[in-house]
Structure formats: structure tokens, C-alpha cells
DNA sequence: GACACTTTGTACCTATCGGTACATGATGTA
DNA sequence: TACATCATGTACCGATAGGTACAAAGTGTC
């Protein structure tokens, strides 16, 4: 029997493959095995091949962050509630995805050349939204540095937690950042 | 004319190739072009092939950090001088190496499986040495978290500075960490 | 149930992958 | 200067890379 898939499901499956193998390490046959999709399906959904797949994956992840992280940071509730919600969302997101941020991982390799624009956009939008929330909460001049430090701190925590294979390092680092954010407000 | 190289020079050249292309992205022919060494030389110096090259590179970098960062953190001068020296050394090191920490980059990809042990060793030794210096300087119970936060913070700053292609983000982040370290001492 | 359209598996292509073999050239030591 | 040792370039290998072509099978619409 032949199972039929839609593109949006394929994107999610391919994202998992990239998280596991990296961009260069994800050969088409590795993607095939990981996702259960044959070459026919992959090249049907992504006519541009591997680069097309990666673009679609980055788009999907970027859209998710836009809707679930950046937008809420700008609009809903008090500043401290918005910032707490950001940490909660991000913690749950990466915890369920092997502690891999594809944008961060791509930034460290030569993939940065190919996908520089979406990578830049992802981090710039994140820092911008967080800075706004911090500013709204009365963080004043510190908002700028604090926003970059927190986004950077999350990336560093992902690296270290993976390196030492200890997820509690990730949770601990986020807890301390949450606490620091709250002291900046009030 | 034939130019003759020694292994230690080859290791440094190969390291540059891995920084530029990543482990999976560094094909033998790419390494050949980047380093100027032919296959004959490469497989003479590194009989085990690519994995052998990476092991040698990680060994070299690990030894450099041991001698230039961890040891000084444990021995020479006052705690604040030792910690300042660490930040200076690390800042100069990564600035002159395209803002790539090979251990961090490998930790984010599937290379982690292959090189898990040296990766773990690198970060554990770093955190340990820094914690000791902070403790010596009177940081008390905070020394533990501060040490992991700083090592993690450096990794995050590398990611973010590369992602936004803005080296000043790296310098700025390190300046703030230096300042924070000093407030923990005294 | 006919028909257009999308999804899927398979066979096949060329280029490049990592790696080996080995003759030739350079180097240091006696 | 003879000789052992180490470094180097080149030719070659099978396996796999990413990608194409296309016929068969599913799916939605009327």
C-alpha cells in the first residue's frame, strides 16, 4: 500500500532529519530513511533539492517563532508575563527537538553563506521583540544588551547542554535568565 | 619543486579547513585545496583519514586551551588577573579564527557521536578551571553557576556574532562578562 | 465512474566521495 | 656520498552523492 503525504508534513519530517544529521551530513538517502519518504516524493515537494528542503524548513521554523514567540512578546499581557511565556515556549520547543536550533547550527558552518539572510532575520527579529518587551517593562537602557545577552545565552546553553549531554544545564541556564529578566523589570 | 611539510603544520592547516567547511562539508578535495597538501601527504600524516584528521585537530586545540587558558586560570597571579587573562586569550583566539569553536560546532551536529569524549573533556576542564579561579577570588556559592554561564555565554556569543555577521557582538558580550566576573570577586 | 491532478517507487545518470597503491623526490645522518 | 626514512604527486578504485525521468497508484470533483 502506498501512503500519501502532504507537503507540510514532509517539511516537519525533513526538519527532523536536518536536526539529526546537519545540513551537509543529511544525504538524500539519509533523509529518505529518516522521513520514510522516497526520492520521488522529496523531489516532488522540493523541486530544488536539498537547498529547497532547507529553505522550506527554515521558513517553517521562522514562521513558528514569529507566531509563538515574537508576536506574543510584542502584544499580549504584562511585560513580565510575555517574557516568562517566551522562555517557557522556547524551553519546550528545544527540549522536544534534541536541543538543536537549526538557525544556530547553520550559523556555525558554511551553511551561513547559503542561508545568511533567513538566519540574520531570525535572530534580529527575536532580539528586537525581546528588547521591546524589556523596554515596555521599564528595563530602560539595559534592555538592549539584555536582549542580545538572553538570545545569545539561549544559544550558548544549547551548545553546552549538547556538548556535556546534560539537559539540566539547559533548564538551569534558562531559569537564571528568567530570574535576571524579572529583576530588570519592576 | 616539492615543498615539504611537517605534521604539526598540517594539523593547523586542516583545522582551518574544518573551521571553514565543517566536518561533513570538508571533503578531502576541499581540504586538499584549502591546505595545499595533496592526498599523499594527508594520508601519510593521517592514516585514519578524515576522522584521524579531526581527532588530531581536536587534540591540538585542546592542548592549546589546556596550556594557554586552563593552566593559567589555576595558577598564575590574582584571581581577577587570571580571569581577565582568560577572556583576553579567548577573545584573541576566536577573533583570529573566524569565530568558530570546533568543539562547539561539533557539539551541535552528529559529529557529537564520534567525538563526544574530547568535546566533553574540553568543556568540563574549562568550566572546572574557571570555577576554581572564581572560587579562589571569593565568589562563593555563585562560582558554580557563573562558570557555566560564562563558558556557555562565550559559545552563544560566537553563534550570535556569526549569525548576524557582526564581530562587535562578540566583543561586547565578552566585555560584559568580564565586568560581571569582577563584580563577583572582591 | 470518468478525468485531471498529485503523490510515489524505481531505474538510471554523472560527478564526486573517501580511500589505496606506489613510484618519485626530498631530507637527515653516518 | 650512500642509505634509510619520510613526504609528495598521480593514477586508480568501488561506493555513494545529488539529481532526473517516468510509469503506476491515489485522490478529489463533477
Would a scan of region A:48-58 turn up a residue that is within 16 Å of DNA strand C (Cβ to nearest atom), free of Cβ contacts under 8 Å to residues at least 24 places away in the same chain and loosely packed, with under 12 Cβ neighbours inside 10 Å?
yes
Right, residue A:65: within 10 Å of DNA strand C (Cβ to nearest atom), under 21 Å from residue A:114 (Cβ atoms) and either touching a helix residue (DSSP H, G or I) at 6+ places or on another chain (Cβ under 7 Å) or at pLDDT 95 or above (or both) or not?
no
Can you pull out the residues in region B:137-150 that are crowded, with 22+ Cβ neighbours inside 10 Å and either at the interface with another protein chain (Cβ under 9 Å from one of its Cβ atoms) or more than 19 Å from residue B:123 (Cα to Cα) (or both)?
B:139, B:148, B:149
With the structure loaded, tell me whether residue A:13 is over 30 Å from residue A:131 (Cα atoms) and either modelled with pLDDT under 95 or surrounded by 13 or more Cβ atoms within 10 Å (Cβ to Cβ) (or both) or whether it fails that test.
yes
For residue B:56, state whether it is more than 21 Å from residue A:157 (Cβ to Cβ) and within 16 Å of DNA strand D (Cβ to nearest atom).
yes
Looking only at region B:151-185, and only at residues there that are more than 26 Å from residue A:119 (Cβ to Cβ) and touching a residue at least 60 places away in the same chain (Cβ under 8 Å), the one that is farthest from the other protein chains (Cβ to nearest Cβ)
B:185
Flagged in region B:88-124 as surrounded by 17 or more Cβ atoms within 10 Å (Cβ to Cβ) and away from chain A (no Cβ under 11 Å), in numbering order, are B:90, B:91, B:94
I'd like the full set of residues that are in contact with a helix residue (DSSP H, G or I) (Cβ under 8 Å, 6 or more places away or on another chain) and surrounded by fewer than 17 Cβ atoms within 10 Å (Cβ to Cβ), limited to region A:151-167.
A:165, A:167
I'd like to check something: does region A:90-97 contain any residue that is outside any helix (DSSP H, G or I) and under 17 Å from residue B:159 (Cβ atoms)?
yes
Taking the residues in region A:1-47 that are part of a loop (DSSP other than H, G, I, E, B), under 23 Å from residue A:97 (Cα atoms) and more than 14 Å from chain B (Cβ to nearest Cβ) as candidates, determine which candidate is nearest to DNA strand C (Cβ to nearest atom).
A:5
Expected single match for within 24 Å of residue B:22 (Cβ to Cβ) and more than 9 Å from DNA strand D (Cβ to nearest atom) among A:15, A:30 is A:15
Taking the condition away from DNA strand D (no atom under 13 Å from the Cβ) and over 27 Å from residue A:147 (Cβ atoms), does residue A:25 pass?
no
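The values are calculated or read from the model by the stated rules, or taken from the named source; none is laboratory data. Just so you know, these numbers come straight off a predicted model, no measurement behind them. As a convention, Cβ positions derive from the backbone with ideal geometry for all residues, glycine included, and neighbour counts pool all protein chains shown.
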